[in-house]
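All remarks here apply to the structure that follows.
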Amino acid sequence: MSASPSLPPFSASLSSLSLTSFSTVVTRLRAAGCVFAEEEAHMLLSAARTPDDLAAMVDRRVAGLPLEHVVGWAEFHGLRIALDPGVFVPRRRTEFLVRQAASRVRPGAVVVDLGCGSGALGAAVAASQERVELHAADIDPAAVRCARRNVAAIGGRVYEGDLYEPLPTALRGRIDILLANMPYVPTDEIELLPAEARVHEARVALDGGTDGLDVLRRVAAEAVLWLAPDGHLLVETTERQAPAASEVFARCGLTPKVATSEELYATVVVGTRPALRHGRGEHEGSFAR
């Protein structure tokens, strides 16, 4: 699991299952190498309906299935996000990207979560502001099914397809906040990832190509066509990749800015489409193709 989640009161977990069960679960989780064994045991006990149910869930966790897939949800930016097996688990560090987006979103904004996975980012940003028009898209059918559970519940729409391809053309030039938490792990480093991600999450959600920025380049190349004037594209990278990502944004007609969080060990690159200026051409600031 990516971080220790917020948990219900300790006694709630033990209301129907014994303290002995808790101790046994913690022991098994620790033996399997789970860093947050007590917190995970608490979540499993809270989710289990019967002792048999608990035993099955512990077996799945010990076998290496991400905790969030075992219990069927992840806590993200104060929300409970439904998760299905194989769908990318939103990381705590990505809450920094949500904070950056939330500081820029305005009432009535058009928000698009591109490569949305579970839809966690779009749902979190939409929850931060009233009257947001939310759209999300992903190429993975399993992710789309999962995102519909999280996004449709708050009035958003989810589409299946590659990057911008499934989005309604009516969104062109209207997107105020474009969230694109694309894969940025270099291909050669995929095997270095923890087994929870490497084995149990779709490779398309992890592999960013030779330098980790292949998908980011594709997103940036068309961003100006879809962003509203003063609209923002937000992506997560590593600190090492941020200068190259900023150069990509600049070449595509976006004004880049890098934000970092030492607390979450997170780096976000924000690309802003320049505003139209009175008396200049309609596509002021558009990129050279």
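Tabulated data for the structure shown
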| read-out | value |
| --- | --- |
| Amide H contacts under 5 Å for LEU167, placed H, 5+ residues apart | none |
| Top positive-direction residue, dipole computed over the stretch 23-74 with Cβ charges, set THR24, PHE36, THR50 | THR24 |
| Two-site FRET efficiency, ARG131 against ALA63, from Cβ-Cβ distance with R₀ of 51 Å, rounded to 0.05 | 0.70 |
| Gained length - SER103 relative to THR210, 0.36 nm times residue gap less alpha-carbon distance | 35.3 nm |
| Trypsin sites (Lys or Arg not before Pro) lying in DSSP loop within the stretch 205-277, provided at most 15 other Cβ fall within 10 Å | ARG240, ARG277 |
| Stretch gain in nm, segment ALA32-ALA153, where the contour uses 0.36 nm per residue and the Cα spacing is subtracted | 40.0 nm |
| Rg to Rh quotient for the stretch 23-74, alpha carbon positions, Kirkwood Rh | 0.90 |
| Accessible area (Å², 1.4 Å probe, nearest 10) - LEU163 | 20 Å² |
| Selection from ALA124, VAL70, ALA102 lying farthest towards where the dipole of the stretch 55-132 points positive, charges on Cβ | ALA102 |
| Cβ-Cβ FRET estimate between ARG145 and ALA170, R0 fixed at 25 Å, reported to 0.05 | 0.55 |
| Gain in span if fully extended, ARG240 to GLU160, counting 0.36 nm per residue against the direct Cα distance | 25.6 nm |
| Values of log10 I(q)/I(0), in the order q = 0.08, 0.14, 0.18 Å⁻¹, for the stretch 86-273 under a Debye, Cα-only, solvent-free model | -0.22, -0.70, -1.24 |
| Carbon and sulfur %, accessible surface of the stretch 23-74 computed with the full protein complex present, 1.4 Å | 52 percent |
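The values are calculated or read from the model by the stated rules, or taken from the named source; none is laboratory data. Keep in mind that what you see is a predicted model, and the values were worked out from it rather than measured. All Cβ positions, glycine included, derive from the backbone under ideal geometry; neighbour counts span all protein chains shown. Remember, those area values only see protein heavy atoms, side chains included, never the ligands or the DNA or RNA. Shrake-Rupley method; radii C 1.70, N 1.55, O 1.52, S 1.80 Å.
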